[in-house]
Amino acid sequence: MIISVVKTPRNSDGAQRSSYRQSYRSYVGAVSRLGLTSALTARRLNTSRRAPRAHNITDKVSPEHLAVLVKKEWQLSYVTPLFQFRHTQLKRYSQQLSAFIAAERQGVAVEVEEPQHSFKASFSVVHGMAEAEEDAETILIQVHSKHHFSRRDDPEKCVWSGWLACINGSPEYIRSLPKDFICLPLFGSSGGDPLTSSVKSWFQQTFDCCFGSLEINHTSLQWLGSLWTNCQPESNIQHLKMIWAVPVVPPLQITYTVNPQDAWELWTCVRKDAQVEKEGEEEEEEEEEGIIDIEEVNMFMQELKSHFYRHFKLDLSAGNLVQVSTALGSAKTSGRIKISNSRYMISTLTLLTECALLKMPV
Amino acid sequence: MAAKLSLSGPSDSDTSSPSDQSVSGRSVNRSLRIAEKERRKNEAEDPFVLALKYFSDVEPGTPVNGNDQLERNLVCVEKVAYSKGLHPEAISIMLEFAMSLRMGSSPCVRVLKCLIPSSVVPQEAVVRAVVWLGIGKIPISTQVLFIKWVLTVFDMIDAKDQLRAIYGFIFSFVTEENLCPFICHLLYLLTRKESVRVFRVRKLLELQSKVGRQPFLMHLLSLYKVFCPELVTLSIPSPMKNAFRNHNSPWKSALLAVQKRNGSQVSSSSLSLTAKDKTNSRKRKHCHLEVPALNSAVNKQAQTDSCSSRKVVPLVQIHSFAQLLENMHRIELPAQMGSLLGSSLTLQFLDCVQDESALLRLNSWLGYALHEEFLFCNDAGSFQNSEEALQFLEKLLSTLHFRQEGFSSIEVFLYKFLNAWDGSLLRPQILGLMSNIPVVTSSQIGQFLFEPLMQLFFTSSLFFKCGLMECLNNMLLKWLTWHSVYALEDDLDISLNSHTSINITLSGFKDSVMELVHFVGRLATVGLQLEGCHSLLLSFILDFYETVCDMFLKYGLPLVVMPPPGVFYPALFAADPVSVDRLAYIMYRYKVNLTSAKRQEKLKEQAFHISRQTFHEFNHYVVVMVNCLWNSKMFHQGMGVQLGEEVLLKSNVPQYSNSFDLIHHPAFLSYAVDFHQKCWPGRKDMDLNSIKHSKPWRWYLEYLFTQGYDGLKQFVQSNISWQPIAGDGGSDDLATQQR
């Protein structure tokens, strides 16, 4: 376990909202929060985003951490801001969570400082993941189990792991929080459900936060498919596989796999068209090169669908995209994600952070 | 000693000898002393006093068998105990006698069983007895009996400080297997934060590993967790009531009987102590609607180390309002702020929470629960299971009602939810929440509220329309009440001090109110058309305008907004007299408000200005009403309703200009007929126009007024110079001082 001192980012400067009287707060409170977070009700997913660049993430993040992050399929949740979470207290949290799991599991009272719990939780900071200045460092949680009969030098088995992250989180939202809150809105877990719910309830009771399931909707899946396809020249995506659920009786699932080179060619066509159009409107958009627009994504998907229609006379628009996968990763609408290549991890997590922030109740 | 004496009460004739000395020491004059002597003489012969003397003086080792004296005295004590209860001194003596085993263990149980206190139990006696527990060779069953007795009379022990001082000594008995459950209960009652220590936690955990998770251990440990969550953790399964099973104690009924006889009410709450009963043990499907349990915060260490000298009280430990008041300044916020919504006591506390972070935590949880239940509902069947949702919203509504304040998360939720709502799911509750929405700035109100509401309004049933009208009326009332409170406080300067980021100025507030009133005007106009001027809807609309017309005088808001013609005319021509009467009342209140506003405007230079347009509208409406109801000039030039002469002739209505005066108005026709019959009982042919003559007209009006049409009365009296005595009926003088 790596424990080191990390400064929790202080997002207080912009957020020092004045302490006006309570009655006023409650009367104009929501309005002021609405003002700060640019009209909560109107929040939508970004309509354009930067194309994923091959991040030299291996330089910044330790290989052990990366190995944990890219190996597994994660079940995603959103988390409301954590109250008084300190990156400096991870050792204590490890102890408390271990005791909590033991207490929940065995239904007995447990001393927190007892060194030998049957489950050993460990918290660690994943350095180098945070992108923006406001992002809090990613936290990795692992639970190892220890068998009573195992020998001392037996390696402990990791039975559960999870992480909390905020990659390129909306700075306005983060700044609008009082300073004793840490925003780590994206939670991924992998392991048995009982342990997941134990960890969640420990977080709920310790940092007064709430966990809700985060599904990856149709639009986000389309985004992921396009973003991954965009990486084809640098790193072979091997295939672009999409699963569509068509609402007929009995329910029909269509798996649609596209050759990587074909997908890339279609994508470049769509990109070119869009770029030409853009240039027609505005001449000097040099740095816009790496920006992908939602219209390009829609067009790409539309072309894929019409290609399918030409062959099978079946309009996929009637269905829903439920899964997208390439060699870089896979994502399911149920909120399960697997990132297979760490080089493009950041852009995926950025999109997912955005989805999680959209779910914030306040 | 003196304190104890007064507790035992002067009326108590059995005051025993040791305490007499202090009493005599206080006596000041001779006569008192004589009385004292007399009393002592009486006491000396009292068998009870003698019995006590026997028990306090009896030599150790006195044989029990065949000891008639012992038997006699014991019976005497028992008799007093079961009838009146034992006074503190007697308790001390008897307890000391029993626990010291001066005559062996056989009378011990009998004595313990009759230890029924009449008022209080002296702490010293209990402490001494506990000490004997450690020294003497008391049989284990008797030890259990003693601890049970302590638990029963716990609330009657006059002080607990010394008992707490020997907490460690009492704790040492937990290892005694048979005593353990009762010792745990006693410790539970005595535990303070400072008594929770690592080694005690370890001892209890060690015990747990031996005897398993016994309820009494778990409960003591859970209390330890309340005080020191950083030391111990456990999860208590919810159906764990009756942690301490001591309810069938042998003294309970006798104690109750004695207390009843003495008329004193010392409730023994320690006995009825059970685990906080979680009413819903059944598995909840939607756990997000469950208010979190009240727990003390684990994570405080980090930031409160510096001020740990200040003693804080976990909110879990607060059980009554009195305790709340006493500890208000040092109550520690719970681990999960959402838990404050769990009980009315914690709600009281919530009212005092000023901490912005704490409120944000609460709002996060509340918003999360609402979003998950009503917006994100992942499982399709969640709306079917709306019983819990209903209860949750009801609880929320009563909380809002109690607090008289909203939560920003509810507001944010509603703005989103209104776009997805079908207008029928949990309608009363959602409308109830909506009426609590605080002032919305006029720039946002349209997008957030009006657009979704308009769609819902035009596509929903009559009942939804009525409900929405009521809701908007309540919302306006709340805004106005808020304004009137803070306008008074701030001397009409609503603009907050300069340090606020968002402030709402008086003019901003006026804009919002105006937007709302205009919005309701639009809804009402179209709604009445859609529903064929339904009188139920009209009634809710008139409710709203009853609020609007009095905004200046009742709530001090310098704003007068007239109803649109789409509301005014349907009310004026309504077929039911109540609507017409209410319209008349509303117009009367408008007049009073406008007159008073005008007066103020003249008085103060900087006073607000009410636009000429408003006066114009008002005057126009008044002229229409008077012409229509009074002057029978329904379709004259300049009236709101104009029809061509030929159209009116074509209608074949005779005397069409009369058709909406107070006699022929469809709402009042039945009254006119009734009046006609009463006035001229003999007449065969009915000529309603004959009421128009000055005298009958006057009578007719008075007749209408006696039917309870006060609005009409006030309207007529304030707008028409009408002298009932002069009999100059049909006067058409309009009061037109407003212009």
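The values are calculated or read from the model by the stated rules, or taken from the named source; none is laboratory data. Everything quoted here is computed from the prediction, not taken from an experiment. We place every Cβ from the backbone using ideal geometry, glycine too, and count neighbours over all the protein chains shown. These accessible areas exclude ligands, DNA and RNA; they are computed on the full protein's heavy atoms, side chains included. Shrake-Rupley method; radii C 1.70, N 1.55, O 1.52, S 1.80 Å.
At-a-glance table
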{"quantity": "Criterion violated by B:Leu603 - all others in (1) within 21 Å of B:Ile720 (Cβ to Cβ); (2) modelled with pLDDT under 90 satisfied", "calculated": "(1)"}
{"quantity": "Scope the range B:690-704; condition open to solvent by 20 Å² or more (accessible area, probe 1.4 Å) and in a helix (DSSP H, G or I); matching residues", "calculated": "B:Lys692, B:Ser694, B:Lys695, B:Arg698, B:Trp699, B:Glu702, B:Tyr703"}
{"quantity": "Index of the failed condition, B:Ile430 passing every other in (1) within 14 Å of chain A (Cβ to nearest Cβ); (2) out of contact with any Leu (no Cβ under 7 Å at 6 or more places or on another chain); (3) β-branched (Val, Ile, Thr)", "calculated": "(1)"}
{"quantity": "Within the range B:408-427, considering residues that are open to solvent by less than 20 Å² (accessible area, probe 1.4 Å) and among the hydrophobic types (A, V, I, L, M, F, W, C), the one farthest from the other protein chains (Cβ to nearest Cβ)", "calculated": "B:Trp421"}
{"quantity": "Selection count where residues are in a helix (DSSP H, G or I), open to solvent by less than 10 Å² (accessible area, probe 1.4 Å) and closer than 21 Å to A:Pro63 by Cα, scope the range A:331-362", "calculated": "5"}
{"quantity": "Pair list, Cβ < 8 Å and 6+ apart or interchain, from the range B:390-405 residues that are more than 13 Å from every other protein chain (Cβ to nearest Cβ) and within 15 Å of B:Leu370 (Cα to Cα) to residues that are surrounded by fewer than 14 Cβ atoms within 10 Å (Cβ to Cβ) and among the hydrophobic types (A, V, I, L, M, F, W, C)", "calculated": "none"}
{"quantity": "Odd one out for A:Leu221, checked against (1) crowded, with 19+ Cβ neighbours inside 10 Å; (2) closer than 21 Å to A:Val362 by Cα; (3) of a type outside the set (Val, Ile, Thr)", "calculated": "(2)"}
{"quantity": "Exclusive hit being of a type in the set (Asp, Glu) and part of a helix (DSSP H, G or I), set A:Glu114, A:Glu104, A:Glu133", "calculated": "A:Glu104"}
{"quantity": "Residue within the range B:372-380 that is within 14 Å of another protein chain (Cβ to nearest Cβ) and within 15 Å of the chain's Cα centre (by Cα) present", "calculated": "no"}
{"quantity": "Failed condition for A:Arg92, given (1) within 29 Å of A:Tyr173 (Cα to Cα); (2) at pLDDT below 90; (3) surrounded by fewer than 19 Cβ atoms within 10 Å (Cβ to Cβ)", "calculated": "(2)"}
{"quantity": "Test: residue in the range A:114-122 that is surrounded by 23 or more Cβ atoms within 10 Å (Cβ to Cβ) and polar (S, T, N, Q)", "calculated": "no"}
{"quantity": "Spans of helices (runs of 4 or more DSSP H) in the range B:147-201 with at least 3 residues within 26 Å of B:Cys114 (Cβ to Cβ) and open to solvent by less than 30 Å² (accessible area, probe 1.4 Å)", "calculated": "B:180-190"}
{"quantity": "Candidates B:Leu217, B:Leu221, filtered to the one that is buried (at least 20 other Cβ atoms within 10 Å of the Cβ), within 21 Å of B:Gln143 (Cβ to Cβ) and within 11 Å of another protein chain (Cβ to nearest Cβ)", "calculated": "B:Leu217"}
{"quantity": "Residue satisfying all of: in the range B:202-214; at pLDDT 85 or above and among the basic types (Lys, Arg); least open to solvent (accessible area, probe 1.4 Å) among these", "calculated": "B:Lys203"}
{"quantity": "Close pairs (9 angstrom Cβ cut-off, 6 or more residues apart or separate chains): at negative phi in the range B:419-438, of a type in the set (Asp, Glu) and open to solvent by 20 Å² or more (accessible area, probe 1.4 Å) anywhere", "calculated": "B:Asn419/B:Glu451; B:Gln429/B:Glu394; B:Leu431/B:Glu470; B:Gly432/B:Glu394; B:Ser435/B:Glu470; B:Asn436/B:Glu405; B:Pro438/B:Glu405"}
{"quantity": "Pair list, Cβ under 6 Å, 6 or more apart: the range A:129-144 residue assigned by TED's automatic domain parsing to the domain that holds A:Ile57, other residue among the basic types (Lys, Arg)", "calculated": "A:His144/A:Lys120"}
{"quantity": "Every pair of residues 6+ apart whose Cβ atoms lie under 6 Å, when the first sits in the range B:329-347 and is more than 22 Å from A:Thr80 (Cα to Cα) and of a type outside the set (Gly, Ala, Ser) while the second is modelled with pLDDT of 85 or more and open to solvent by 20 Å² or more (accessible area, probe 1.4 Å)", "calculated": "B:Leu347/B:Phe402"}
{"quantity": "Residue among B:Gln143, B:Gln123, B:Gln162 that is closer than 24 Å to B:Met94 by Cβ, in contact with a strand residue (DSSP E or B) (Cβ under 6 Å, 6 or more places away or on another chain), at pLDDT 85 or above and not β-branched (Val, Ile, Thr)", "calculated": "B:Gln123"}
{"quantity": "Hits in the range B:577-610 - residues which are outside any helix (DSSP H, G or I) and either open to solvent by less than 50 Å² (accessible area, probe 1.4 Å) or aromatic (Phe, Trp, Tyr) (or both)", "calculated": "B:Ala607, B:Phe608, B:Ile610"}
{"quantity": "Top-ranked residue of the range B:334-357 - restricted to ones that are touching a strand residue (DSSP E or B) at 6+ places or on another chain (Cβ under 9 Å) and at pLDDT 85 or above, ranked as farthest from A:Ser201 (Cα to Cα)", "calculated": "B:Phe349"}
{"quantity": "Matching residues in the range B:348-371 - criterion: being free of Cβ contacts under 8 Å to residues at least 24 places away in the same chain and surrounded by fewer than 21 Cβ atoms within 10 Å (Cβ to Cβ)", "calculated": "B:Val353, B:Gln354, B:Asp355, B:Glu356, B:Ser357"}
{"quantity": "Selection status of B:Tyr555, aromatic (Phe, Trp, Tyr) and touching a His at 6+ places or on another chain (Cβ under 8 Å)", "calculated": "yes"}
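Quick grid of which residues meet (1) touching a strand residue (DSSP E or B) at 6+ places or on another chain (Cβ under 9 Å); (2) within 14 Å of chain B (Cβ to nearest Cβ):
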position: A:Trp160; (1), (2): yes, no
position: A:Trp163; (1), (2): yes, no
position: A:Ser170; (1), (2): no, no
position: A:Cys183; (1), (2): yes, yes
position: A:Gly191; (1), (2): yes, no
position: A:Trp202; (1), (2): yes, yes
